[in-house]
Amino acid sequence: MSRLVAISNRIADPRKPAAGGLAVALGETLSQTGGLWFGWSGTVTEDGLPGEGTLHTRQAGNVTLATVDLCREDHDNYYYGYSNSVLWPVFHYRLDLADFNASYIAGYRRVNQMYARKLLPLLRDDDTIWVHDYHLIPLAAELRALGCKQRIGFFLHIPVPPPLVMAAIPQHEWLMRSFFAYDLVGLQSEADVAHFTRYMSNEAGAEDLGGQRLRAFGATVRVGAFPIGIDVDEFSRLTQAPEAMDTFEGMRNEYSRRRLLMGIDRLDYSKGIPQRVRAFRELLARYPENHHSATLVMIASPSRDSVNAYADLRTELEGLCGAINGDYGELDWMPLRYIHRTVARKRVPGLCRAAAVGLVTPLRDGMNLVAKEYVVAQDPEDPGVLVLSRFAGAAEQLKEALLVNPYDTQGMADSIQTALRMPLAERQRRHQALLQHIRQYDVHWWRKSFLDALQNDSELPDISQ
Ligand code: ADQ
């Protein structure tokens, strides 16, 4: 079996258990086969030269971890700049938040070129290379330019916008052309595949060769939907572990006279957090029976603080939360608890299990793993209800959730009310169906189906049922 080389913006030591979803998935695959994991070290140097990072390698069991430091200028232009102020907002349909500063693209190209130069000498002829996410779209093209012949696959964790939104990126042709240096491109949903294919055909005159093969720019690429899943067994074990049980018991005792609603996200404008708060406010206004009872706990981990749009979001959210508590709070009941922090991963399942309603309401999301984690953490005898935005990639799969439009404040408030009043039998039926689907398309399915397609040219998965 060929060696797997994974490349992602951040990497993790696969022997350490605490890493999040993607890190666990990649770490596990790499540990099974032995392999190489390459990415940014997380270090920003103040004295380095642009395009000149130092490479560090170390061994973690049978996995080699290779990381590169970035100098301040590269980091700011490649990471905060092009990746998170151009690609992230545009791919989440937020042209209003994009900052097309001309110096960003140079940093993005420079870092991808530097990664290719650093990675190439570490490669073996029969390696399979798997590149992850929007920070690294041109990496295969840079590797090919240096003579790399190995199979290279790419997985995009965020959505693909419609062609005319994509076309707002000044370098969209260059960017989209660079997908053709890959052998396989994996996207989260069928909607993303449709947008990608439509862009290629409208803007690049791509020919659809059938079998999800597209031909343009003298090259052929296969494109398919590989919805990412979670490690259901690992998350179930985590749910039964002492830390999660402690959290669950603590929350249940504290809120024994209340109905708990919960949201856990990175603090990001794509996650629809202010919209969720407005819908909760509407719930209190329209359905007064929830006063003294419904309590929304929102845990939003700090993210990309140096990008302006994130600081604005934080200010907006703090104002909204304060206003709801001011308007509706009583001495013995605060409707909303907003915590701007990352909670320990071991506590997440306990929080999920304690909540009668899980609110996952992004305006746009590649997949959203919290939706899947919430379902897995539930007690099957008395499960909570998942209220899920139809604009999350997960909505294509999780049809038994209560699907909502996060822009429709009243509609979302009505759905939350439906969730709070849903009879046990219906909750159980929905939960069972959701769990079965999440188990069938778990993270092992995701990894295996992608690597089978990349390494063996096997059929792309049919995810329609
Ligand atoms: P993210 O945007 O980071 O990922 P998501 O899929 O929801 O979003 O995963 C977040 C993970 O972090 C979950 O495992 C969750 O439990 C954890 N988490 C979130 N907030 C937390 C908090 N406050 N404290 C502790 N843990 C927290 C990107 C894409 C998604 C896609 C994933 C995987 O944006 O659309 O689903 O990659 O492909």
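The values are calculated or read from the model by the stated rules, or taken from the named source; none is laboratory data. Since the structure is predicted, the reported quantities are computational estimates derived from the model, not experimental observations. Counting neighbours? That spans all protein chains shown, and the Cβs are built from the backbone with ideal geometry, glycine included. Quick note on the areas: whole protein, heavy atoms, side chains included, nothing else; ligands and nucleic acids left out. Shrake-Rupley method; radii C 1.70, N 1.55, O 1.52, S 1.80 Å.
Assorted remarks:
- Residue in the stretch 375-384 that is in contact with a strand residue (DSSP E or B) (Cβ under 9 Å, 6 or more places away or on another chain) and surrounded by fewer than 16 Cβ atoms within 10 Å (Cβ to Cβ) present: no
- Any hit, the stretch 236-259, residues being under 30 Å from residue 458 (Cβ atoms), within 23 Å of the chain's Cα centre (by Cα) and in contact (Cβ under 8 Å) with a residue 24 or more places away in the chain: yes
- Restricting attention to the stretch 301-341 and to residues that are near the ligand (Cβ under 9 Å from one of its atoms) and surrounded by fewer than 16 Cβ atoms within 10 Å (Cβ to Cβ), the residue that is modelled with the lowest pLDDT turns out to be 302.
- Checking each residue in the stretch 425-465 for being under 27 Å from residue 379 (Cα atoms), in a helix (DSSP H, G or I) and open to solvent by 50 Å² or more (accessible area, probe 1.4 Å) picks out 425, 426, 428, 429, 432, 436, 439, 440, 444, 445.
- The single condition among (1) in contact with a helix residue (DSSP H, G or I) (Cβ under 9 Å, 6 or more places away or on another chain); (2) at pLDDT below 95; (3) within 25 Å of residue 455 (Cβ to Cβ) that residue 203 does not meet is (3).
- Single residue of 329, 358, 322 found to be farther than 27 Å from residue 79 by Cβ and under 24 Å from the mean Cα position of the chain (by Cα): 358
- Residue ID - farthest from the ligand (Cβ to nearest atom), chosen from residues in the stretch 255-300 that are outside any strand (DSSP E or B) and of a type in the set (A, V, I, L, M, F, W, C): 285
- Checking 356, 344 one by one, the residue that is open to solvent by 10 Å² or more (accessible area, probe 1.4 Å) and either acidic (Asp, Glu) or within 19 Å of residue 434 (Cα to Cα) (or both) is 356 and no other.
- When the helices (runs of 4 or more DSSP H) confined to the stretch 43-157 are screened for residues that are within 16 Å of the ligand (Cβ to nearest atom) and more than 22 Å from residue 1 (Cβ to Cβ), those reaching at least 3 such residues are found at 88-91.
- Considering the stretch 180-223, the residues that are free of Cβ contacts under 8 Å to residues at least 24 places away in the same chain and part of a helix (DSSP H, G or I) include one that is nearest to the ligand (Cβ to nearest atom), namely 194.
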